[in-house]
Amino acid sequence: MEKHVITLDRLPIGKTGRVAAILHKGLSRRRFLDLGFVPGTLITTYFTSFTGDPTAYRIRGTTIALRKEDSSKILVITE
Amino acid sequence: MKFYKVRDMDFLMDDNFPRPLVALAGNPNTGKSTIFNALTGLKQHTGNWPGKTVSLARGTFYHRNVKFCVVDLPGTYSLLANSLEEQVARNFILFNRPDVMLVITDATCLERNLNLALQIMEITDRIIVCVNLIDEAAKKGIYVDGDVLSKELGVPVVATAARRGIGLFELKEMIFKVYSGKVKPSPRKVNYGEELEKAIGELVPRLENTFSGRINPRWAALSIISGDYSIEDLEELVKIRDESREESAYGYSFFSQLPGNRGLK
Ligand SMILES: Nc1nc2c(ncn2[C@@H]2O[C@H](COP(=O)(O)OP(=O)(O)O)[C@@H](O)[C@H]2O)c(=O)[nH]1
Ligand SMILES: [Mg+2]
């Protein structure tokens with residue numbers, strides 16, 4: 001299948017992608033890197049809250065919940 | 001967030017910490033306090049620094065007739081000094097330069113924990129990586145090869161299951177060996193590539209001059225180049241950063257100008 005680059009907030013539940021780029025700047029960029037959002041890292045959409053925001057993701061063995069405003073600035077590659 | 005000035009944090013630097021000094025750092029929930037308690041037993045006390053919300057537990061233990069002072073730093077994922085906890089942990093390591101730095105990691109999610117270990121390896125050489133919770137890891141079928149990890153990192157690695165007391169004697173032995181110089185950790189340095197290493201090389205002599213050994217010049221150079229906001233509390237460093245920004249092509253926020261996705265296929 002073809003590779004697609006999408007923003008993380010569009011990765012469907014249960015699907016896995018690889019982090020392609022962090023579009024955050026400055027401090028929040030470093031924060032995401034610290035949390036393990038390094039290009040190449042596998043990330044899976046785990047579940048979403050009742051309201052659809054935030055959404056929980058599995059990355060490097062832990063679950064992290066992100067708001068759409070943050071996940072929409074993370075690019076992932078899906079296959 | 002509010003940045004505390006270093007002079008307001010002199011509670012970190014007073015004579016409360018006799019030598020040899022062992023500091024424990026690690027992500028939250030990696031068993032730092034369990035290891036601290038196992039090492040110090042009842043010989044500990046938690047400093048209630050007036051007006052401060054972060055407390056540092058301090059205690060002592062004897063091993064091979066040496067009395068070690070141990071400090072349990074706040075649990076953090078990073079040393080960005082992005083919160084008071086991170087700021088306290090970083091400044092303690094940066095300024096007190098512990099004789100032995102113990103980085104406690106969780107064997108069940110080592111990869112995540114090594115971020116902090118690498119950050120600390122950029123500040124100090126005298127590091128031991130403690131891979132704790134090996135009993136939990138074993139339940140999940142995870143076995144950490146300490147020798148390989150030690151070779152990869154360039155620092156000694158000790159495996160423990162602190163709640164059951166497993167590996168604690170070995171840990172004390174290693175603390176003693178690093179303190180006495182029998183084991184000399186040489187943390188693998190990240191090579192940031194030609195451009196950045198050149199910029200680091202330009203800054204280091206000047207930083208060495210200013211700080212004359214008080215803080216690690218390579219760390220200081222990296223924090224300037226990366227546009228690290230967390231150095232705002234280090235006035236001398238900020239001064240050098242602002243000067244070098246004017247006179248050098250390599251300034252502040254060098255990293256954030258990089259595309260950031262290099263190497264991506
Ligand atoms: N199974 C197991 N549990 C541990 C180990 N070390 C610590 N714990 C438990 O992990 C939890 C967090 O430990 P704590 O020392 O408070 O972690 P800290 O946040 O790093 O100070 C506690 O419930 C400890 O009893 C270990 O080696 N094995
Ligand atoms: Mg604790």
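None of the figures in this text is laboratory data; all of them are computed from the coordinates on show. Note that the coordinates shown come from a computational prediction; the quantities given were computed from them, not determined experimentally. Heads up, the Cβs are rebuilt from the backbone with ideal geometry, glycines too, and the neighbour counts pull from every protein chain shown.
General observations
- With the simple spin-label model, which puts each label point 7 Å out from Cα in the Cβ direction, the B:Glu152 to A:Arg58 separation comes to 2.1 nm.
- Cα-Cα over 23 Å, subset of A:Lys73/B:Lys239; B:Lys151/B:Lys184; B:Lys151/B:Lys177; B:Lys32/B:Lys172; A:Lys15/A:Lys68: A:Lys73/B:Lys239
- Peptide A:31-39 has a mean of 4 when you count, residue by residue, the C-beta atoms of other protein chains within 10 Å of its C-beta.
- When both bridge partners sit in segment B:48-149, DSSP labels roughly 55% of those beta bridges antiparallel.
- With neighbour counts taken as other beta-carbon atoms within 10 Å, the residues B:Phe176, B:Phe169, B:Phe95 rank, fewest first, as B:Phe169, B:Phe95, B:Phe176.
- The mean number of partner chain beta-carbon atoms within 10 angstrom of a residue's beta-carbon across peptide A:9-15 is 0.
- Aspartates and glutamates whose Cα lies under 12 Å from that of A:Lys3, excluding same-chain neighbours fewer than 8 positions away: A:Glu79
- Alpha carbon convex hull of segment B:150-191, projected area averaged over orientations, nm²: 3.4
- Test item: A:61-70 mean partner chain Cβ contacts at 10 Å: 1
- Looking at segment A:4-78 alone, DSSP beta bridges between its own residues are antiparallel in about 100 percent of cases.
- Cα-projected label distance for B:Glu194 with A:Ile6, points at 7 Å along beta-carbon direction, nm: 4.0
- In chain A, helices alone account for a calculated mean residue ellipticity at 222 nm of -4000 deg cm²/dmol, with every DSSP H run of four or more residues adding -39,500 (n - 2.57).
- Computed E for B:Lys182/A:Phe47 - FRET, C-beta separation, R0 45 angstrom, nearest 0.05: 0.30
- C-alpha center-to-center spacing [segment B:112-135, segment B:175-215] in angstrom: 16
- Taking other Cβ atoms within 10 Å as a rough exposure proxy, A:His24, B:His63, A:His4 sort from fewest to most as A:His4, B:His63, A:His24.
- Counting other Cβ atoms within 10 Å as a rough exposure proxy, the listed residues B:Val54, B:Val178 run B:Val54, B:Val178 from fewest neighbours to most.
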